[in-house]
1. Can you find a residue that is within 30 Å of B:L149 (Cα to Cα) and either over 18 Å from the mean Cα position of the chain (by Cα) or at pLDDT 55 or above (or both) anywhere in the range B:103-113?
2. When you check A:V194 against the structure, is it assigned to a helix (DSSP H, G or I), closer than 30 Å to A:A239 by Cβ and either within 13 Å of the chain's Cα centre (by Cα) or aromatic (F, W, Y) (or both), yes or no?
3. Quickly run through the range B:157-185 and pick out the residues that are touching a residue at least 60 places away in the same chain (Cβ under 8 Å), surrounded by fewer than 22 Cβ atoms within 10 Å (Cβ to Cβ) and in a helix (DSSP H, G or I).
4. Can you pull out every residue in the range A:22-54 that is among the polar types (S, T, N, Q) and either at the interface with chain B (Cβ under 7 Å from one of its Cβ atoms) or over 33 Å from the mean Cα position of the chain (by Cα) (or both)?
5. Of all residues being free of Cβ contacts under 8 Å to residues at least 60 places away in the same chain and out of contact with any Phe, Trp or Tyr (no Cβ under 6 Å at 6 or more places or on another chain) in the range B:35-46, which is nearest to the other protein chains (Cβ to nearest Cβ)? Just the residue, please.
6. Can you tell me which condition A:D6 does not meet? The list is (1) within 11 Å of chain B (Cβ to nearest Cβ); (2) surrounded by 15 or more Cβ atoms within 10 Å (Cβ to Cβ); (3) not basic (K, R), and all the others hold.
7. Taking the stated definitions as given, is A:L19 more than 7 Å from every other protein chain (Cβ to nearest Cβ) and not polar (S, T, N, Q)?
Amino acid sequence: MTKTTDQLGALFTSAPGRLAERVLLATNTGRFYDTIPGPTGELLVGWSDAGVFGIAPDSEKERFLATHSRGDLAPIANKLPGRLRAQVTKAIDSGKLGAVDVDLSELTEFQQAVLRKTAEIPPGQLRPYGWVAREIGRPGATRAVGSALNKNPVPVLIPCHRVGKSDGTVGEYAYGPAMKRALLRHEGLDADAVDKAAGRGVRFVGSATTKIYCHPTCRHAQRIREENRIELRDVSAAASRGLRACKVCRPAAAA
Amino acid sequence: MATATVQASALASRLAQDVDAAFPDLVLAFQDRLYSGIRTYVGAAEAEDVTQETFIRVHKALHSYEASRIEALALSGWIWTIALNLCRNWFRTRSRRPKSVQLSFDRADTASVESEALDTAMLDEWRERLASLPPPQRDAVVLRHVVGLSYREIAAATDRPEGTTKTDVSRGLAALRRVLSQEESS
């Protein structure tokens, strides 16, 4: 006959899979997800008590759940609470992060700085990786900026699609360049026109009247009339024409 | 056991820093042990609800404690104090409590249904035997041999001296062996 203690030990079992989910829902301590309409299709939104920790196209659900799992526990399907839903929807519609709490706590300080700076780029505008690097005080870290943006856990919400290559082209995107271009188009920026100008060697645009030069997509650059518009290949070209850098889009390091 | 204790105290520190952030890890760390032990008191049908209620009370209590108090908690014993209380009072307070909604789930195949039924039958037999023990012996036997707690953790859970819990376990086991031999001879 089996020992009594062995028989007692055999009563040990695993908790039902849905138990942890039920507890985390009841205590609101879990990591949850829902889908919301986005500019280029449905978006997955992952959130916890600490804020939004993840955004991804709905088509990337498997990768999204794997990336944001903790131990064996994947984010739990749940209904995005009304207040947060309103904030996230407003942020995505307006292209400005606004009041949304994003949970970047698992990222390095550098990655956080890159993403916070990126969140300042206005909708429909493009800045090169090098600009972000310079703005956060790490002018040599252009490549690291690119890789931090590639790992942006909350794309669209933090608009890494508004950062492009140093040659002025729109460049790559974690979910494919087509989505990046579609997001920019949705904000009123023609990605093909951006690439075409970059292909001609245009990095900056100056005004013959104001004597100021900008990134080509800065709202001040877009106001320059055709006859006053000066296309520039680099900063020294601007300097030789006596132009100063725009204080809004800051195309060059402060002298 | 030594590693489990180290992990538990690391968890207590994390809970002291941020209850909500560390709570999912507490659930994952304790759910199997709690569910297994609780099942021997309330049966398979109720165990999930009682385990859930235990976690909800643990969460509520943690939010009412100062960080220093959480840091000093011997988690396992403390959680089991809450669980044992619920197990003892579950059926008494049952009628006053609204029944929670049962989530539907797919039955994989008939084989698993059969093995589950066999499992439940075995559990119910043991539940009856354990229920025949004096409560301190029942608690000590379940916590030691079903759940796998140390005598120190059992002592904390039941608020009895460690030496007494050892006696409770051995007396409880002896009583169970008598019950088993009676079952065989009858």
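The values are calculated or read from the model by the stated rules, or taken from the named source; none is laboratory data. All of these numbers come straight from a predicted model, not from anything done at the bench. Cβ atoms come from the backbone with ideal geometry, glycine included; neighbour counts cover every protein chain shown.
1. Yes, there is a match, as at least one residue in the range B:103-113 is within 30 Å of B:L149 (Cα to Cα) and either over 18 Å from the mean Cα position of the chain (by Cα) or at pLDDT 55 or above (or both).
2. No; evaluated as a whole, the condition is false for this residue.
3. B:T158
4. A:T27, A:T29
5. B:Y35
6. (2)
7. Numbers: more than 7 Å from every other protein chain (Cβ to nearest Cβ): no; not polar (S, T, N, Q): yes.
Considered against the rule, which asks whether it is more than 7 Å from every other protein chain (Cβ to nearest Cβ) and not polar (S, T, N, Q), A:L19 comes out as no.
Table: residues versus (1) more than 14 Å from chain A (Cβ to nearest Cβ); (2) under 24 Å from B:T81 (Cβ atoms).
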| site | (1), (2) |
| --- | --- |
| B:L143 | no, yes |
| B:L149 | no, yes |
| B:E153 | yes, yes |
| B:T167 | yes, yes |
| B:R171 | no, yes |
| B:R178 | no, no |
| B:S186 | yes, no |
